[in-house]
């Protein structure tokens with residue numbers, strides 16, 4: 001077993017980090033606070049995220065057993081998960097893409113790991129913390145991080161701390177309206193949200209609406225996910241180009257909201273789409289710069305995420321380290 005973090009200097013402090021996504025969850029263990037990148041003790045373990053909370057807990061326990069060195073247990077757990085959620089209570093209030101409502105996830109994980117301290121935060125906030133601590137956000141204050149994948153999450157770090165807002169929903173720009181509320185319905189219950197146009201779940205839905213048949217005119221299978229829509233747009237398909245143009249405009253609206261509100265020194269855009277589509281990201285940032293005050297638009301620095309897929313895991317490890325030192 002590992003020693004308690006209060007047993008004295010030089011003791012091993014194994015932290016468990018969870019990146020909970022709408023499609024997959026990644027679990028990894030680290031020895032102490034990451035300072036120059038994410039270096040897990042064993043290869044991170046991935047699994048498809050179950051919608052049933054009890055099944056999810058069993059999957060986390062199995063993944064942790066594979067991620068932890070034999071005979072050890074974590075001194076604390078940090079979790080980045082889709083919100084909205086309450087970091088203070090550790091409750092996921094309304095995760096639209098997971099279908100979790102009023103779920104006390106932090107307490108459930110703590111019970112599964114013998115009562116160790118657990119800190120939960122929004123995946124965008126957690127990714128921002130990871131990049132600010134050991135990646136592209138170092139030296140930038142304020143720093144804004146967007147994670148564009150299945151959904152669109154955002155996070156802001158000021159003075160090394162996450163900005164959560166009065167209700168834990170600061171920076172929920174994925175649910176800004178693109179124009180009016182007359183567009184496609186979002187999982188949040190409203191219509192025409194940003195992530196319905198630029199995130200993976202929204203692009204997949206727009207693809208099914210645009211190409212309802214089994215084949216395209218040229219006999220190719222129709223795109224059914226974001227990667228396929230981007231690939232088809234690169235081949236010049238007019239409908240795909242139109243969808244990606246709308247996606248770029250929606251993302252630009254979200255970025256502009258963060259720029260005009262916070263005037264960050266730097267922004268970084270990660271997540272599966274953000275990492276895989278750098279040209280799309282740069283074009284959205286260019287459009288966003290034209291939507292805000294020139295002082296912000298010309299000075300903000302776009303930085304590629306240095307931690308790639310480990311942004312949220314690194315932030316979760318930082319959360320775990322802070323939870324381990326918090327008085328109980």
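What follows is calculated from the coordinates using simple rules that are stated; it is not laboratory data. A quick note: this is a predicted structure, and the numbers were derived from the prediction, not measured. Cβ atoms come from the backbone with ideal geometry, glycine included; neighbour counts cover every protein chain shown.
At q = 0.10 Å⁻¹, what is the log10 ratio I(q)/I(0) for the stretch 136-305, with the Debye formula run over Cα points and no solvent? Cα-only, vacuum Debye calculation for the stretch 136-305: -0.38. Site pair residue 231 and residue 102 shows an inter-label distance of 4.4 nm when each label is modelled 7 Å from Cα along Cα→Cβ. Here 309, 209 are placed in order of increasing Cβ neighbour count within 10 Å, fewest first, which gives 209, 309.
Each of 220, 258 was scored by other Cβ atoms within 10 Å of its Cβ. Arranged with the fewest first, they read 220, 258. Output the antiparallel fraction of DSSP beta bridges having both residues in the chain, as a percent to the nearest 5. About 60 percent, rounded to the nearest 5.
Of all DSSP-defined beta bridges confined to the stretch 14-99, some 70% are antiparallel rather than parallel. So in the stretch 136-305, what percent of DSSP beta bridges are antiparallel if you round to the nearest 5? DSSP beta bridges in the stretch 136-305 are roughly 60 percent antiparallel. Here 13, 287, 131 are placed in order of increasing Cβ neighbour count within 10 Å, fewest first, which gives 287, 13, 131. Model label points for residue 41 and residue 215, set 7 angstrom from Cα along the Cα-to-Cβ axis, are 5.5 nm apart. Per the Cα gyration tensor, the chain maps to an equivalent ellipsoid with semi-axes of 34, 22, 17 Å, ordered largest to smallest.
For n ≥ 4 DSSP H runs only, could you compute -39500 (n - 2.57) per run for the chain, divide by its residues and tell me the 222 nm figure to the nearest 500? Intermediate results must be reported in sequence, preceding the final value.
Working: 11 runs with 123 residues, N = 328.
Helix contribution divided over all residues of the chain: -11500 deg cm²/dmol.
Rounded to two decimals, the Cα radius of gyration of the stretch 190-289 over 2.2 N^0.38 Å is 1.13. Centre-to-centre separation between the Cα atoms of the stretch 49-125 and those of the stretch 126-161: 20 Å.
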